[in-house]
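Data block below; observations after.
Just so it is clear, none of the values below were taken in a lab; they were calculated from the coordinates. Every value quoted in this text rests on a predicted model; they were computed, and no experiment measured them. Here the Cβ is made from the backbone with ideal geometry for all residues, glycine too, and neighbour counts use every protein chain on show.
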Amino acid sequence: MVQERHSQVGVCWSLRVWSVSVISILLLSTCFIGSCVVTYQFVMNKPKTKLSELHAYHSSLTCFSEGTRVSEKMWGCCPSNWKSFGSSCYLISTKENIWSISERKCIEMGAHLAVINTEAEQNFITQQLNKSVAYFLGLSDPRGNGNWQWIDNTPFNQNVRFWHIHEPNLPEERCASIVYWHPMQWGWNDVFCDGKYNSICEMKKTYL
């Protein structure tokens, strides 16, 4: 009789363990399926047009978490070899070209020559640069009359400018570069547009 009770207890214990295992597996499966659905919806809800444009220029993207609430745009994406700052991505070119070709090269990657709107942006960009090299910006004076304008049609703010002392100084120098001069450090300089310099490309981040 005692042996029979022990047998029944053993069976009940085995059934309980088996039941707990089955329930655990079902819960894990449900969680896995749920996460897959969230991922699928996340992928399907991406701005497909913008992403397809980026993939036409770049093989891979790196995305950064930039929000904490569901209502916010959660991820900011840049091409994998570009630098992220604010709402933009930046690529520092290591090849010298004239201004027009530099801009064309940026356009071919879905970008434009860099437009600097704040001191914080200027400081971030200069941290990425080689002090022995000058870089074209997306700033030019097409008519040589002092009417400087950004390539993306952003209004040129006279209060946000970082020219070196006594620059710009020649109406024939109609394109802007950023260059390091000791002891003044980094600043803008007007240069001939057909001179050959490195450049900085900028594009807006894609948000998911």
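What size of dipole, in debye to the nearest 20, comes out for segment 123-195 about its Cα centre when the only charges are +1 on Lys and Arg C-beta atoms and -1 on Asp and Glu C-beta atoms?
Numbers: 4 positive and 7 negative charges, 39 e Å.
Around 180 debye, computed over segment 123-195.
Label residue 169 and residue 100 with points 7 Å out from Cα along Cα→Cβ: what is the distance between them in nm?
About 2.8 nm, to one decimal.
If you plug each phi of segment 104-112 into the Karplus form 6.51 cos²θ - 1.76 cosθ + 1.60 with θ = phi - 60°, what whole-Hz ³J(HN,Hα) values come out, in order, with x for Gly and Pro?
Taking θ as phi minus 60°, the curve returns 4, 4, 5, 4, 5, 9, x, 10, 8 Hz for segment 104-112.
Taking segment 129-192, how much of its Cα-Cα pair set, in percent, is spaced more than 13 angstrom apart? If you can, show how the numbers build up before the last one.
Numbers: 1243 of 2016 pairs.
Everything past 13 Å amounts to 62 percent.
Ranking request for peptides 93-106, 146-159: highest mean number of other beta-carbon atoms within 10 Å first, then the rest in descending order.
Peptide ranking by packing, descending: 93-106, 146-159.
Order the peptides 84-90, 178-184, 122-128 from the highest to the lowest mean number of other Cβ atoms within 10 Å of their residues. Working shown, then result.
Details: 84-90: 18.1, 178-184: 14.0, 122-128: 15.9.
Those peptides, ordered most packed to least, come out 84-90, 122-128, 178-184.
So what's Rg/Rh here for segment 91-208, counting alpha carbon atoms and using the Kirkwood radius for Rh?
Numbers: Rg = 13.3 Å, Rh = 14.3 Å.
Across segment 91-208, the Cα-based Rg/Rh ratio is 0.93.
Name the residues whose placed amide hydrogens come within less than 5 Å of the amide hydrogen of residue 137, ignoring near sequence neighbours (fewer than 5 apart) on the same chain.
Under 5 Å from the amide H of residue 137 lie the amide H atoms of 176, 177, 178, each far enough along the sequence or on another chain.
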